[in-house]
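For reference, the structure is listed below as structure tokens.
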Amino acid sequence: MAAGQCVFLAHRRGSMKLFILLALFGLGFAQHNPHTKHGRTAIVHLFEWRWADIAAECERFLGPNGFGGVQISPPNEHIVLNSPWRPWWQRYQPISYDLCSRSGSENELRDMITRCNNVGVNIYVDAIINHMCGASGGEGDHSSCGSWFSAGKRDFPGVPYSHWDFNDNKCRTGSGEIENYGDASQVRDCRLVGLLDLALEKDYVRGKVADYMNKLIDMGVAGFRVDACKHMWPGDLAVVYGRLHNLNTSWFPNGSKPFIYQEVIDLGGEPITSTEYVHLGRVTEFKYGAKLGTVFRKWNGEKLFYTRNWGEGWGFMPDGNAVVFVDNHDNQRGHGAGGASIVTFWDSRLHKMAVGYMLAHPYGVARVMSSFRWNRHIVNGKDQNDWMGPPSHGDGSTKSVSINPDQTCGDGWVCEHRWRQIKNMVIFRNVVNGEPHSNWWDNQSNQVAFGRGNRGFIVFNNDDWDLDVTLNTGMPGGTYCDVISGQKEGNRCTGKQIHVGGDGRAHFRISNRDEDPFVAIHAESKL
Ligand code: AAO
């Protein structure tokens, strides 16, 4: 071989490496982008909602109020359980990748995706790809589309998967279960709470999972919350994500990669950390809600003023990698992690403040929880009814979401996202998008304030006494409507008014007995 050829080949190898590096880098970072439209920023989890209701909600509420997207419950075929009666968690036990579930049929799903996309609201799918149903799931056609299966024989003809496609032989614990979270191999190769663990190292399994996700991408979804990622090897996930199509160009720019956010519970203290997954997509930051709850509850000596360096300063993952939330469908009922500090709709006053804080703060992609009510019954710190499914009819089918005259929801649906304070803070987040955290003030206790450039300002009083102070807001002079006690309607404020002087200073008075002891103003709430 001539010297010239040699140099050429070496050069080619070098650029191939560079190309692979760039491709990996590009792929990872592309999958961190939620592709929300029209400057929208927040995602709402409409937990257990029916597809028909979500379609209507996109058109009548989410689009008009600037919500960026919806996380939907798993759309694939799942087990149907009678004992306990139709628990919410049956949807975390796949039977096949057919698209009929407790939330509706494939046609209803398609109609929802289309209608939400048409009003600029993205759909993110909760993807359950680590496992199928529980080992004790039995045999028969007790499944949401009626597909026959046998958990005991590891036989799922609806996909099809057979016993070859599970990790039974790879797992090294006596019980076949995860026995010790301190051992990364068993966390990934053994069964999570009895759920049949798929062998994602097999090309066949990777193919079936990618086909399922690609079908949804082609239908128009914008991305995925990937369930139980701690229990899958990052290398296996990289292969699956690498096979995903680009988003549907009817609604997304050419070449857009699906948004990936991975559920990894990392509160520290275990060998598996979020860091192992951040190059693949975003990761759920579980420390965020656990800490914010502790701060707002004033537990462990925490004070709101310590949140001056909220975000990475608190040991959270780098900003561009995080999805943040105050509570989720697990930890609002004692599943998963976070513990008792998590603030949920059951503590509505604190919940509104914590969600307000999250939405005002620039860190992370924010997700708002939208729940259903259940008969909470706590005995020795454990909710006996943590299994209860969504509001449903006698036959177990999910009830439609009814809307009251005051825009709140009825029939057991909580709809936190419709609460005025939360809805208005979703709008606040859009208005201040891209502006820096600025003009911090605190009283060295639980009264704090901060702004977002010259576009928005928020003040909290979580002390047991009144707040009465004049602050530099950084906002242009004028009269603004507080979007917590009310909002701007036409030419007037339905709640408090805040007068910002020509020097950007404004006087705030917040009683600790106010219904909601915080005030927020933004560029679009100016009279
Ligand atoms: C149901 C029944 C089970 C039955 C099973 C199969 O409840 O009794 O064996 O069916 O028949 C949901 C429900 C489950 C349900 C399952 C299937 O929550 O109750 O099981 O559907 O129907 C781990 C995972 C995490 C997972 C979380 C619940 O790592 O991925 O458990 N979340 C997702 C979903 C969830 C779903 C599944 C996964 C399964 O969001 O809805 O389950 O698809 C430690 C670990 C965490 C671990 C927790 C809980 O956390 O770090 O990784 O989460 O334990 O096991 C401190 C620590 C913290 C620790 C925590 C709790 O806070 O700092 O790290 O304590 O010990």
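Structure data summary
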{"quantity": "Lys, Arg +1 and Asp, Glu -1 on Cβ, resulting dipole of the stretch 429-527 about Cα centre, debye, nearest 20", "calculated": "420 debye"}
{"quantity": "Sum of -39500 (n - 2.57) over DSSP H runs of 4+, divided by residues of the chain (222 nm, nearest 500)", "calculated": "-7000 deg cm²/dmol"}
{"quantity": "Within the accessible area of the chain (1.4 Å probe), percent carbon and sulfur", "calculated": "51 percent"}
{"quantity": "Percentage relative contact order, the chain, counting C-alpha pairs under 8 Å, at least six apart", "calculated": "12 percent"}
{"quantity": "Point-charge dipole on Cβ atoms (K/R +1, D/E -1) for the chain, about Cα centre, debye to 20", "calculated": "1100 debye"}
{"quantity": "Separation of alpha-carbon centers, the stretch 70-148 and the stretch 320-362, rounded to whole Å", "calculated": "25 Å"}
{"quantity": "Residue-count net charge about Arg429 - beta-carbon cut-off 13 Å; Lys, Arg +1, Asp, Glu -1", "calculated": "+3"}
{"quantity": "DSSP beta bridges in the chain [antiparallel fraction, %, rounded to 5]", "calculated": "65 percent"}
{"quantity": "Helix axis angle, 3-30 relative to the chain longest principal axis, alpha carbon, degrees", "calculated": "60 degrees"}
{"quantity": "Residue-normalised accessible area of the chain, expressed per residue, 1.4 Å probe, Å²", "calculated": "38 Å²"}
{"quantity": "Environment charge at Gly504 (Cβ cut-off 14 Å; Lys +1, Arg +1, Asp -1, Glu -1)", "calculated": "+3"}
{"quantity": "Residues in the stretch 498-527 that a label on Asp466 would reach, taking backbone N under 19 Å of a point 7 Å out along Cα→Cβ", "calculated": "498-499, 506-520"}
{"quantity": "Under 12 Å, Cβ to Cβ, from Val278 - net charge with Lys/Arg +1 and Asp/Glu -1", "calculated": "-3"}
{"quantity": "Sequence ranges 449-455, 148-154, ranked by mean other-Cβ count within 10 angstrom, highest first", "calculated": "449-455, 148-154"}
{"quantity": "Nearest-ten-degree value, helix 106-118 long axis tilted from longest Cα axis of the chain", "calculated": "40 degrees"}
{"quantity": "Ordering of 294-300, 477-483, 419-425 by burial proxy (mean other Cβ atoms within 10 Å per residue, highest first)", "calculated": "419-425, 477-483, 294-300"}
{"quantity": "Value of relative contact order over the stretch 32-140, rounded to a whole percent, pairs C-alpha under 8 Å and six or more apart", "calculated": "34 percent"}
{"quantity": "Calculated FRET efficiency for the pair Trp164/Arg243, C-beta based, R₀ 22 Å, to 0.05", "calculated": "0.60"}
{"quantity": "Gain upon complete extension [Thr273, Trp314; 0.36 nm per residue less C-alpha separation]", "calculated": "13.2 nm"}
{"quantity": "Segment Asp111-Glu177, length gained on full extension (0.36 nm per residue, minus Cα span)", "calculated": "19.8 nm"}
{"quantity": "Charge dipole of the stretch 313-430 about the Cα centre (unit charges at C-beta), most positive-ward option of Trp346, His335, Thr398", "calculated": "Trp346"}
{"quantity": "Percent RCO, i.e. relative contact order, over the stretch 207-309, from Cα pairs under 8 Å lying at least 6 residues apart", "calculated": "24 percent"}
{"quantity": "Within straight-line cross-link reach of Lys202, lysines at Cα separation under 29 Å, skipping those fewer than 8 residues along the same chain", "calculated": "Lys17, Lys153, Lys170, Lys215, Lys230, Lys257"}
{"quantity": "Prolate/oblate/rounded call for the stretch 466-527, Cα gyration tensor, a/c under 1.5 rounded", "calculated": "oblate"}
{"quantity": "Unit charges at the beta carbon, dipole of the chain: most positive-side option, Ser274, Tyr241, Thr494", "calculated": "Thr494"}
{"quantity": "C-alpha long axis of helix 286-297 to longest principal axis of the chain, angle in °", "calculated": "30 degrees"}
{"quantity": "Protection-proxy order for peptides 50-61, 279-290, each taking the mean of Cβ atoms within 10 Å per residue, highest first", "calculated": "279-290, 50-61"}
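The values are calculated or read from the model by the stated rules, or taken from the named source; none is laboratory data. Since we're looking at a predicted model, the values are computed, not measured. A quick note on method: Cβ atoms are made from the backbone with ideal geometry, for glycine too, and the neighbour counts reach across all protein chains shown. Quick note on the areas: whole protein, heavy atoms, side chains included, nothing else; ligands and nucleic acids left out. Shrake-Rupley method; radii C 1.70, N 1.55, O 1.52, S 1.80 Å.
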